[in-house]
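One structure is given below, encoded as structure tokens.
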Amino acid sequence: MAESLAHVLLAGATLLAWLGAGSLVLLPLGRTGDRLLDGLNRIGVGALAFALATFAAGWAGGLSSAAYRSVVALAAVGGIWVARLLLRGARLPRIRTWRPWELALGGLVVTYVVLGAIATCAPISSPDALLYHAGDPARFVEAGRIFEVPSNSSSYEPFTVQMLVLDGFLLWDSVQGAFAPFLLSLVAMAAVAGAAERVAGRTVALLAAAVFFAQPLTLWDATSTFIESGLACAVALAGWNLMRFLRHGEAASLVVAGLFAGAAAGMKYLGLIAVLALTVGAAIALHRRLTLGRVLAFAVPAALVALPWYVKNAILTGNPVYPHLFGGLNASAAAELDATMASFGEGRSVADFLLIPVRLLKDGEAFDGGEFLSPLYLAFVPLGLLVCGRRRVRVAAAAAIAVYVVAWFLTTQQARFLVPLLPALAVLAAIGIVALAARGRLGRAVAVGVTAAALLMGLGISAVYAAQFVPVAAGHESEEDFLSRKVSLYAGVDWLNTRLGEDDKVLLNVWSLLYVDVPYVTFGTMGDLLPLEAGPEATRTFVAENGVTHVAVLADDEARRRQVAYLDTRLLGRVPVTPVRSRTRDERGPTKEMLIYELERRP
Amino acid sequence: MEQRDRTPDRPTNDDTGADRAERTRPDRRKAPGGAPRAAYAAALAWPLGCLALYAWQLIGIAGG
């Protein structure tokens, strides 16, 4: 329990450090006059500055906990000073004047913040995070430098959020790293509420914050060391700054919007789609006010912030967006990547596109977590789009949403990849809810009834999800017991950690790499390094070149066992292991066997 | 005593009760807020449909 509280306190210090650093970076641009926007801009830009500094220090071989802690302490002190300045004379929300249902919405959002903090305090257990979102930063910290990870093609995605996760490792441990995406989700939620308040007042602001944040999808995404909450944060702040320019014409807002657009493109390739959608929307909304200078004020900072990731890929692989568009993977890995991306959703025809709303609502599991997406978006965004202001604004919003959804549909239809779009959709849904509630008793009954029911259903799901993490976060369950329940094949990883030493090197095929403490090399997540069809010669060469002493494969993995047979080995152990089908829903598969071989001749 | 407007060009108040009722009766083709009734019905039915589908999905998941 004390450890969890310490993680929360350090997360607060991290937020202050981002505020302090961002204030320094944005000093030349001055203030906007909107305190909340100023504060969030500084926090967001500060996080971006820390991420890029970590990226640079990592490639220079200068990752150091001591140095990082000193910088954070200094920046946090600056952040406290800036926070005092921002809060001095500020009009804080007068909660006593809120109506009961507004208090209920505020309470719901606070409840979700608590649920999120609890889930984040648990040891990291989502497969993607174990494989690379946290797995790679752990390896970088251990080595004191960042290096290429060719075994996993996803490690070539832009890694801004992973750099902040790495910062958490430098500050303390992996759990501290997991707080970075959670903090970004809080900033995103504040941006949604703030922007909505400026557009349509307190009622819409509270509703928008609840629609965005008080839903299982956001909670799951923000507490699983994923990237999309960071994308939502960058997109929400870019959007709010663009809106600020639309209303007040301040050129500095365009520069800051550009910084956040670049940040989105620097978090994940998906961010490029978000930036495209944002640019289309902004171009329509600002059509008559576009000049070359204004376009450059947005585009130059965006490019500068995003470019390091794409230049790095171009240098390492010759393909700035490796492994997409221009390829680069071996044939079987490329085929597996394509098949994986296409495996989500229920098809890619025009009819499939038109059926997306219905399918998301009634068969969300096909979209990997679509059942966690609140129905309020589909229920009220159409109405919100019809009534949300001047025609040009409505067209701009509709075009931006259409661009994003079509690109999402054509690439990979994972529900959480919609998260970057949700800040805008939440504001539109809130506007739609209020518009319907204002149209007669029946309209009010439907708006209130549907909203309340959806929020309650979401709270139920979220409570069940978060409850899984309470025992370990409160110190009533050991980390080992928790990991045994939540991490796929953990017994095998534990066996390797216990029986092998620093002089050994195991070749394996598991995703839970964050918890592998002994030297290892993988076949590649999709056979990137040693394809499934590799024959005796290629297998023996790979093993020799990598200094492999042991091999761990699942008994039912025929292709890998065939490759083991090419080697001169002896069977060391048979370990019963349990695959976790869904950590979110606590579903496990039938027990399997992990076979662990020792090579007869060491390299 | 009630003051009466005796302005010569004042329009006479000669409409019938039926005219008055017609003027003040709500337009049956319009919903609250002035929207067409069909659009209003759709705006009411769509969220309910979305919620029903979502609830149906959750029941299915809970039931295994």
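Coordinate-derived values only; no laboratory data. Please read these numbers as outputs of a predicted model, since none were measured by experiment. Please note: Cβ atoms are built from the backbone with ideal geometry, for glycine as well, and neighbour counts cover all protein chains shown.
Values as computed for the structure displayed
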item	result
Label-to-label distance, nm, for residues given as B:TRP56 and A:ALA67 (7 Å Cα→Cβ offset)	5.9 nm
Inter-chain Cβ neighbour average for residues A:385-392, partner chain, 10 Å	1
Cα gyration tensor shape of segment A:487-599, rounded if a/c is under 1.5, else prolate or oblate by comparing a/b with b/c	prolate
Cα→Cβ-extended label distance, 7 Å offset, between A:ILE315 and A:SER478, nm	4.5 nm
Averaged over A:439-445, number of beta-carbon atoms from partner chains that fall within 10 Å	4
Extent along principal axes [Cα atoms of segment A:113-172; Å; largest to smallest]	37, 23, 18
For a label point 7 Å along the Cα-to-beta-carbon line of A:HIS248, residues of segment A:42-75 with backbone N under 18 Å	A:42-45
FRET efficiency, 1/(1 + (r/R0)^6) with R0 45 Å, evaluated for A:ASN497 and A:ALA339 via beta carbons	0.90
Euclidean distance between Cα centres, segment A:174-207 to segment A:98-126, Å	12 Å
Prolate/oblate/rounded label for the protein assembly as shown (Cα gyration tensor, a/c 1.5)	prolate
Inter-chain shielding of A:359-367 (mean C-beta neighbours from other protein chains, 10 Å cut-off)	4
Residues A:THR340, A:THR569 arranged by fewest to most Cβ contacts within 10 Å	A:THR340, A:THR569
Mean-position separation - Cα centroids, segment A:1-79 and segment A:414-429, in angstrom	26 Å
Segment A:330-402 versus segment A:449-472: alpha-carbon centroid distance in Å	23 Å
Label-to-label distance, nm, for residues given as B:ALA42 and A:ARG94 (7 Å Cα→Cβ offset)	4.2 nm
Model label zone, A:ALA2; criterion: amide N under 16 Å from point 7 Å along Cα-to-beta-carbon; scope segment A:475-516	A:475-476
For peptides A:113-123, A:494-504, A:127-137, sequence by mean Cβ density within 10 Å, most packed first	A:127-137, A:113-123, A:494-504
Over the protein assembly as shown: helical MRE at 222 nm, DSSP H runs n ≥ 4 each giving -39500 (n - 2.57), nearest 500	-20500 deg cm²/dmol
Packing rank of B:39-47, A:588-596, where each peptide gets the mean count of other beta carbons within 10 Å, highest leading	B:39-47, A:588-596
Nonlocal Lys pairs with alpha-carbon distance under 30 Å, chain A (8 or more apart, or different chains)	8
Modelled label reach - A:TRP81, point 7 Å along Cα→Cβ, segment A:16-47 residues with backbone N closer than 14 Å	A:17, A:19-25, A:27
Ordering of A:149-162, A:350-363 by packing [mean C-beta count within 10 Å, highest first]	A:149-162, A:350-363
